[in-house]
1. Of all residues in segment 90-110, count the ones that are in contact (Cβ under 8 Å) with a residue 24 or more places away in the chain and over 18 Å from residue 163 (Cβ atoms).
2. Taking segment 150-203, which residues are in a loop (DSSP other than H, G, I, E, B) and open to solvent by less than 10 Å² (accessible area, probe 1.4 Å)?
3. Which ones in segment 160-176 are over 12 Å from the mean Cα position of the chain (by Cα) and among the hydrophobic types (A, V, I, L, M, F, W, C)?
4. Quick one: in segment 156-200, which of the residues that are touching an Asp or Glu at 6+ places or on another chain (Cβ under 7 Å) and among the small types (Gly, Ala, Ser) is farthest from residue 124 (Cα to Cα)?
5. When you go through (1) at pLDDT 95 or above; (2) open to solvent by 70 Å² or more (accessible area, probe 1.4 Å) one by one for residue 113, which number turns out not to apply?
6. One residue is enough: does segment 59-79 have a residue meeting the conditions closer than 28 Å to residue 194 by Cα, charged (D, E, K, R) and modelled with pLDDT of 95 or more?
7. In segment 44-78, what residues are among the hydroxyl-bearing types (Ser, Thr, Tyr), farther than 24 Å from residue 168 by Cβ and surrounded by 14 or more Cβ atoms within 10 Å (Cβ to Cβ)?
8. For segment 186-197, check the following and say yes or no: at least one residue is more than 16 Å from residue 16 (Cβ to Cβ) and modelled with pLDDT of 95 or more.
Amino acid sequence: MPKLDGLKGRGMIMYYKLSCFYKRDVFFFYSDENRYDRRELEKGNRCQVDGGLTYIVDKFDTYLSTYDILPTVGPPLVSAKFKEIIERHCENDCVFIPVEIKSTKTKEQNNDFFAMIVSNSVVCLNKEKSEYKPSIKSLPDGPISINYVVYIPDSLGVHHIVRMEESKHLIVVDEVFVNLCKENSINGVTFIKEGSLQRPEYL
């Protein structure tokens, strides 16, 4: 695994927005059955969850088990393999909660994935060079919608995966994290470069 110091030695560290792809156009939804507000979990505000969480999807695809990260409405879902890699190399950056995925069509259940709660939030948006606006016009100091993102150099510090403090649903990773995914053939993960988030350029 590349060392952080080694990356610094060869110039500015690049940051990326964490994203994912899946063969079918579908989302795994955070269920209304859960007792915890998903928006709070996405902000990392409530990491101590008793028991597990429930997600729902219409049906289970035959290739579901080949993916290490899934498209979600709610905190990301990751495989046991991905969870172990993150825990080993990104200590204290994430908390993982067991998940039961339910099929709304067949009533089948899957317990192979974990909700990934990113624990740390970091101020990393270069507001002078980025393009953003309030998500709600009547709340100018509230949540923002980012159209074009530029990151503050070296803002992640010792962390390899964080939530952006300015927009906490956005997960940012560094090159160490990217290389971990490549070296371990993590399926389904992708990374969006600095620039437009409306017409993203992928790594």
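The values are calculated or read from the model by the stated rules, or taken from the named source; none is laboratory data. Note that the coordinates shown come from a computational prediction; the quantities given were computed from them, not determined experimentally. We place every Cβ from the backbone using ideal geometry, glycine too, and count neighbours over all the protein chains shown. The accessibility values were calculated without ligands, DNA or RNA, using every heavy atom of the protein model including side chains. Shrake-Rupley method; radii C 1.70, N 1.55, O 1.52, S 1.80 Å.
1. Keep residues of segment 90-110 that are in contact (Cβ under 8 Å) with a residue 24 or more places away in the chain, which gives 90, 92-95, 97-106, 108, 110.
Checking the rest, the ones that are also over 18 Å from residue 163 (Cβ atoms) come to 98-106, 108, 110.
So the count comes out to 11.
2. At the first step, the residues of segment 150-203 found to be in a loop (DSSP other than H, G, I, E, B) are 150, 152-160, 165-166, 184-188, 193-194, 197-201, 203.
156, 188 - these are the residues of segment 150-203 that are in a loop (DSSP other than H, G, I, E, B) and open to solvent by less than 10 Å² (accessible area, probe 1.4 Å).
3. Listed by number, the list holds a single entry, 176.
4. Restricting to residues being touching an Asp or Glu at 6+ places or on another chain (Cβ under 7 Å) and among the small types (Gly, Ala, Ser), the top hit is 188.
5. Of (1) at pLDDT 95 or above; (2) open to solvent by 70 Å² or more (accessible area, probe 1.4 Å), only one is false for residue 113: (2).
6. Residues of segment 59-79 closer than 28 Å to residue 194 by Cα: 67-79.
Checking which are charged (D, E, K, R) leaves us with 68.
Remaining after also requiring modelled with pLDDT of 95 or more: 68.
Yes, that holds for at least one residue.
7. Keep residues of segment 44-78 that are among the hydroxyl-bearing types (Ser, Thr, Tyr), which gives 54-55, 62-63, 65-67, 72.
Now restrict to residues that are farther than 24 Å from residue 168 by Cβ: 62-63, 65-67.
Passing the criteria: only 67.
8. Here is the first cut: in segment 186-197, the ones more than 16 Å from residue 16 (Cβ to Cβ) are 187.
Subset that is modelled with pLDDT of 95 or more: 187.
Yes, segment 186-197 contains a residue that is more than 16 Å from residue 16 (Cβ to Cβ) and modelled with pLDDT of 95 or more.
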